[in-house]
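One structure is given below, encoded as structure tokens.
The values are calculated or read from the model by the stated rules, or taken from the named source; none is laboratory data. Because the structure is predicted, anything quoted here is derived from the model rather than measured. Every residue, glycine among them, receives a Cβ derived from its backbone with ideal geometry; neighbour counts consider all protein chains shown.
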Amino acid sequence: MKVTVKNWHAIAHWRWDLGANEPENDDIDGEGDVCGICRVPFEGCCPSCKMPGDDCPLIWGECTHVFHMHCLLKWINTAASKHQCPMDRRPWVTAERTVAKSKPTQEPPLANAPPLP
Amino acid sequence: MASISSRRLSKELKELNTECPAGIKLVEASNFDKWILGIEVLGDSLYKGESFLLKFTFDPGYPISAPAVQFVVDSEHEAPLHPHVYSNGHICASILGDAWSPVLSVSAVCITLQSMLASCKKKERPEGNDRYVRFAPENPKKTKFLYDDDTV
């Protein structure tokens with residue numbers, strides 16, 4: 001049988017690489033990981049943004065907790081935060097993270113796909 | 001309408017409508033400024049058979065800024081008799097003040113207050129209740145509480 005592809009439709013999917021210490025995940029609600037502050041999935045954007053992805057990045061603390069950067073900064077910039085992580089109240093120290101270093105996971109290559117525009 | 005608080009609260013509302021923690025019920029939430037929740041302490045406690053109403057008032061900065069939370073006191077409702085609850089409904093609990101965190105939520109606050117009641121050993125008003133109630137600001141967030149008792 002000869003098949004001719006007349007047209008095709010590609011769909012890409014991206015996710016933030018949350019790193020190795022994010023095991024099979026307590027993804028009980030099936031919602032994926034959400035930012036603890038705004039409760040919007042990490043792959044969505046914080047309430048102040050319109051476009052997810054690089055425009056609304058995540059921020060990691062040394063304590064391993066992750067938030068939308070904009071959400072965390074809103075909190076950290078208040079006096080009430082006492083500059084503590086909202087999850088564990090430890091002093092907030094932003095962790096160094098470079099995307100290049102993140103080791104590839106078992107996921108197919110699309111894990112490394114760039115964020116959609 | 002598109003404030004941070006309304007987006008976050010609409011998510012919380014959806015959750016509370018599908019599954020409210022035991023002993024907690026949503027009584028009124030017709031807007032994103034003020035909600036009323038009912039709480040009762042399940043199991044054995046000094047408050048067996050009693051139920052209370054909690055009033056949450058949100059400003060547009062919620063959850064970065066803490067909600068104002070107090071027990072409803074009117075002709076039909078009283079504040080629980082508890083060493084951290086004033087007779088005007090104001091509550092002295094650190095999570096409503098300087099230990100607030102934006103990862104907390106309406107249901108987390110209700111559960112904390114439920115357990116505050118559940119662990120109560122003696123039903124009494126806080127020291128200086130009458131004086132406090134006489135001079136208290138309307139908004140409990142304006143009160144500077146001293147959190148000196150970690151046992152209750």
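Among the numbered conditions (1) touching a residue at least 40 places away in the same chain (Cβ under 8 Å); (2) among the hydroxyl-bearing types (Ser, Thr, Tyr); (3) more than 24 Å from residue B:126 (Cα to Cα), the only one that residue B:86 does not meet is (3).
Would you confirm whether or not the stretch B:8-15 contains a residue that is within 14 Å of chain A (Cβ to nearest Cβ) and of a type in the set (A, V, I, L, M, F, W, C)? Spell out the reasoning first.
Of all residues in the stretch B:8-15, those within 14 Å of chain A (Cβ to nearest Cβ) come to B:8-15.
Filter once more, keeping what is of a type in the set (A, V, I, L, M, F, W, C): B:9, B:13.
Scanning the stretch B:8-15 turns up at least one residue that is within 14 Å of chain A (Cβ to nearest Cβ) and of a type in the set (A, V, I, L, M, F, W, C).
Within the set B:94, B:105, B:119, the sole residue that is out of contact with any Gly (no Cβ under 9 Å at 6 or more places or on another chain), closer than 30 Å to residue B:19 by Cα, modelled with pLDDT of 95 or more and of a type outside the set (Val, Ile, Thr) turns out to be B:105.
Criterion applied to B:95, B:111, B:39, B:91 was being out of contact with any helix residue (DSSP H, G or I) (no Cβ under 9 Å at 6 or more places or on another chain) and either surrounded by fewer than 18 Cβ atoms within 10 Å (Cβ to Cβ) or not polar (S, T, N, Q) (or both), and the one residue passing it is B:111. Restricting attention to the stretch A:85-105, does a residue exist that is at pLDDT 85 or above, in contact with a helix residue (DSSP H, G or I) (Cβ under 8 Å, 6 or more places away or on another chain), within 13 Å of chain B (Cβ to nearest Cβ) and surrounded by 10 or more Cβ atoms within 10 Å (Cβ to Cβ)? Yes.
Does residue A:15 meet the test of being modelled with pLDDT under 90, in a loop (DSSP other than H, G, I, E, B) and within 15 Å of the chain's Cα centre (by Cα)?
Details: modelled with pLDDT under 90: yes; in a loop (DSSP other than H, G, I, E, B): yes; within 15 Å of the chain's Cα centre (by Cα): yes.
Yes; evaluated as a whole, the condition is true for this residue.
Here residue B:66 fits the description: in a loop (DSSP other than H, G, I, E, B), crowded, with 19+ Cβ neighbours inside 10 Å and either among the charged types (D, E, K, R) or within 14 Å of chain A (Cβ to nearest Cβ) (or both). Residue pairs whose Cβ atoms lie under 7 Å apart, sitting 6 or more positions apart in sequence or on different chains, and linking a residue in the stretch B:119-132 that is closer than 17 Å to residue B:47 by Cα to a partner that is surrounded by fewer than 17 Cβ atoms within 10 Å (Cβ to Cβ) and among the aliphatic types (A, V, I, L, M), are B:119/B:152; B:120/B:46; B:120/B:152; B:123/B:46; B:123/B:81; B:124/B:81; B:125/B:81.
Residue by residue through the stretch B:125-143, note down the ones that are in contact with a strand residue (DSSP E or B) (Cβ under 8 Å, 6 or more places away or on another chain) and not in a helix (DSSP H, G or I). B:125, B:126, B:136, B:139, B:143, listed by residue number. With respect to residue B:58, determine if the residue is surrounded by 20 or more Cβ atoms within 10 Å (Cβ to Cβ) and in contact with a Ser or Thr (Cβ under 6 Å, 6 or more places away or on another chain). In short, yes.
On inspection, residue B:5 fails the criterion of being within 25 Å of residue B:146 (Cβ to Cβ) and within 14 Å of another protein chain (Cβ to nearest Cβ).
Does residue B:64 fit the bill of being hydrophobic (A, V, I, L, M, F, W, C), touching a residue at least 24 places away in the same chain (Cβ under 8 Å) and in contact with a Cys (Cβ under 9 Å, 6 or more places away or on another chain)? Please lay out each step first, then the result.
Details: hydrophobic (A, V, I, L, M, F, W, C): yes; touching a residue at least 24 places away in the same chain (Cβ under 8 Å): yes; in contact with a Cys (Cβ under 9 Å, 6 or more places away or on another chain): yes.
Criteria met by residue B:64.
Going residue by residue through the stretch B:6-25, is there one that turns out to be more than 18 Å from the chain's Cα centre (by Cα), part of a loop (DSSP other than H, G, I, E, B) and more than 24 Å from residue B:102 (Cβ to Cβ)? Checked the stretch B:6-25: no residue is more than 18 Å from the chain's Cα centre (by Cα), part of a loop (DSSP other than H, G, I, E, B) and more than 24 Å from residue B:102 (Cβ to Cβ).
The set of residues in the stretch A:28-77 that are away from chain B (no Cβ under 13 Å), in contact (Cβ under 8 Å) with a residue 40 or more places away in the chain and outside any loop (DSSP other than H, G, I, E, B) comprises A:58, A:60. Can you name the number of the only condition in (1) away from every other protein chain (no Cβ under 14 Å); (2) buried (at least 20 other Cβ atoms within 10 Å of the Cβ); (3) not small (Gly, Ala, Ser) that residue B:33 fails? If we test residue B:33 against (1) away from every other protein chain (no Cβ under 14 Å); (2) buried (at least 20 other Cβ atoms within 10 Å of the Cβ); (3) not small (Gly, Ala, Ser), just (2) comes out false.
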